[in-house]
Amino acid sequence: MSSLAVKLVAWNATANPTRSAVTAVSAYRDGVACGHADGTIWLYDLELAGDKHADPQASDPSLYPKCMLSAHQSPVAVIKASEISAPSAEGREATLISVSEDGDVVVWSSADGRCISRVRTRLAGIRPTSVCVQAVDYQSAAEDLVFVAGEGPAAYVLSYPSLELVY
């Protein structure tokens with residue numbers, strides 16, 4: 001079986017290609033991710049003066065739209081750049097973890113925008129405001145845990161890559 005990968009992009013003259021308000025932002029190694037009220041996430045490449053693709057006249061850093069990620073059905077509440085265990089390869093992979101207001105948790109590749117893992121979790125009693133990843137030795141096996149917390153009386157722990165609720 002062969003696969004086909006097609007990058008779908010929509011460009012316009014503004015830095016914000018969508019009319020939806022920005023609700024979350026995270027910088028990562030090669031750029032910036034902006035979550036929006038419509039549930040989309042736009043990835044931007046960051047180019048500094050002197051980069052091989054940068055405008056030779058530019059002295060300030062520039063952001064260029066890279067791709068749009070679409071999986072959330074409600075506003076993106078938080079985005080976090082993280083290195084996480086790669087399920088299909090040895091080592092770790094640069095990722096973005098996004099959580100929407102309705103509890104949807106998605107792990108994306110920051111290199112190409114592909115969805116690595118997704119779970120619709122009802123985060124009862126909280127409005128997500130933070131997410132972090134921690135590699136731990138859990139039940140005699142090393143794994144990554146995703147912690148989601150927010151405004152409210154609970155915090156959630158999910159196991160990666162399944163994003164199954166652990167606690």
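The values are calculated or read from the model by the stated rules, or taken from the named source; none is laboratory data. A quick note: this is a predicted structure, and the numbers were derived from the prediction, not measured. Glycine gets a Cβ as well: all are built from the backbone with ideal geometry, and neighbour counts include every protein chain shown. All accessible areas refer to the heavy atoms of the entire protein, side chains included, with ligands and DNA or RNA removed. Shrake-Rupley method; radii C 1.70, N 1.55, O 1.52, S 1.80 Å.
Quick notes
- Of the listed requirements (1) at pLDDT below 85; (2) within 16 Å of the chain's Cα centre (by Cα), SER109 misses just one: (1).
- For region 92-100, the criterion of a residue being surrounded by 19 or more Cβ atoms within 10 Å (Cβ to Cβ), modelled with pLDDT of 85 or more and small (Gly, Ala, Ser) is satisfied by at least one position.
- Test: LEU4 is open to solvent by 20 Å² or more (accessible area, probe 1.4 Å), part of a loop (DSSP other than H, G, I, E, B) and at pLDDT below 90: yes
- Region 127-148, subset among the hydrophobic types (A, V, I, L, M, F, W, C), more than 9 Å from ILE84 (Cα to Cα) and within 16 Å of the chain's Cα centre (by Cα), residue modelled with the lowest pLDDT: CYS132
- SER162 meets all of the listed conditions (1) surrounded by 13 or more Cβ atoms within 10 Å (Cβ to Cβ); (2) out of contact with any strand residue (DSSP E or B) (no Cβ under 6 Å at 6 or more places or on another chain); (3) polar (S, T, N, Q) but one, namely (1).
- The set of residues in region 62-82 that are modelled with pLDDT of 85 or more, in a strand (DSSP E or B) and open to solvent by 50 Å² or more (accessible area, probe 1.4 Å) comprises MET68, SER70, LYS80.
- Within region 28-51, being at pLDDT 85 or above, open to solvent by 10 Å² or more (accessible area, probe 1.4 Å) and not in a strand (DSSP E or B) holds for ALA37, ASP38.
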